[in-house]
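The values are calculated or read from the model by the stated rules, or taken from the named source; none is laboratory data. Every value quoted in this text rests on a predicted model; they were computed, and no experiment measured them. Every residue, glycine as well, gets a Cβ built from its backbone with ideal geometry; the counts of neighbours run over all protein chains shown.
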Amino acid sequence: MSPKKVIVLALAISISVAGSSQTVKVKKESAGVKNQSVAGYIVTLDGALADVTNSFSKYLKGYGKVKQNDVITVSEPTVMGIKYISSLYGITQEKGNATTSVWLGFDRSTLTKEQVTTLEKELENVLHDFGVQYYRSKIQVQVDESSRAYQAVERQQQKLSNESKSLATRLEDNKREKAQLEKSLEANKAEHEALLKKIEKNKQDQDSVVQAGVQVKKIVEMHREKQRKVN
């Protein structure tokens, strides 16, 4: 990942967590179940209908056998260690601004007054706990994304640090090589000038030898001429 992409990712995540913390508010409300009004509790959560419904169904499996149609049914639920013969009913509905309402209730006609009082109190806590768990799960996703982004930043930072060290080493090597080349260039220049001088001297020496040869040749010819004149 390039440094630019890492910065963009970090900024995007920082913006996504800039909002205020979530608060789960549960209130009493009746809903229509099997053509009758059933008392229960409702909470409105931020999230798409499909996501909230899926999370709610999974959550209710911790209380009993779940059957999901238009209404989610939990048969013979066990709440706080107490098993009830009355089923729990759950309904999720899409609201505006990407929110979803979650309703949870039970049929009081099959329970004693004491059981109704106990389950009613616990049901409010069950729905509240679901809302808290739902938001915490969503935030955990953000935590995981942020952690991955932080790890990406750390990897990029380490990569750039290693690159900086490598570049510094290469620069020092380059400086040494440059100094050696400059030294070699000076030596080459001195040798070049020395060779030019030697070539010039060699040329002068050749001229001198040629002239000496001419003179010696003349002397040889004079001696030969003198030799011929002997009688």
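Residue count for region 104-154 under the criterion of being in contact with a Lys or Arg (Cβ under 6 Å, 6 or more places away or on another chain) and over 14 Å from Lys83 (Cα atoms): the result is 0. If Ser55 meets every condition in (1) among the hydroxyl-bearing types (Ser, Thr, Tyr); (2) in a loop (DSSP other than H, G, I, E, B); (3) modelled with pLDDT of 95 or more apart from one, which number is that one? All conditions are met except number (2). Taken together, the residues in region 82-107 that are polar (S, T, N, Q) and surrounded by fewer than 17 Cβ atoms within 10 Å (Cβ to Cβ) amount to 3.
Only one of the listed residues (Glu124, Glu145) is among the charged types (D, E, K, R), surrounded by 12 or more Cβ atoms within 10 Å (Cβ to Cβ) and farther than 18 Å from Ser30 by Cα. That residue is Glu145.
Taking region 108-121, which residues are surrounded by 15 or more Cβ atoms within 10 Å (Cβ to Cβ) and either over 14 Å from Tyr41 (Cα atoms) or of a type outside the set (Lys, Arg) (or both)? Talk me through it step by step, then tell me what you get.
First pass over region 108-121, keeping only residues surrounded by 15 or more Cβ atoms within 10 Å (Cβ to Cβ): 108, 111, 115-116, 118-120.
Across region 108-121, the qualifying residues are Leu111, Gln115, Val116, Thr118, Leu119, Glu120.
Taking region 84-119 as the range and being in a helix (DSSP H, G or I) and in contact (Cβ under 8 Å) with a residue 24 or more places away in the chain as the test, the residues that pass are Arg108, Thr110, Gln115, Thr118, Leu119.
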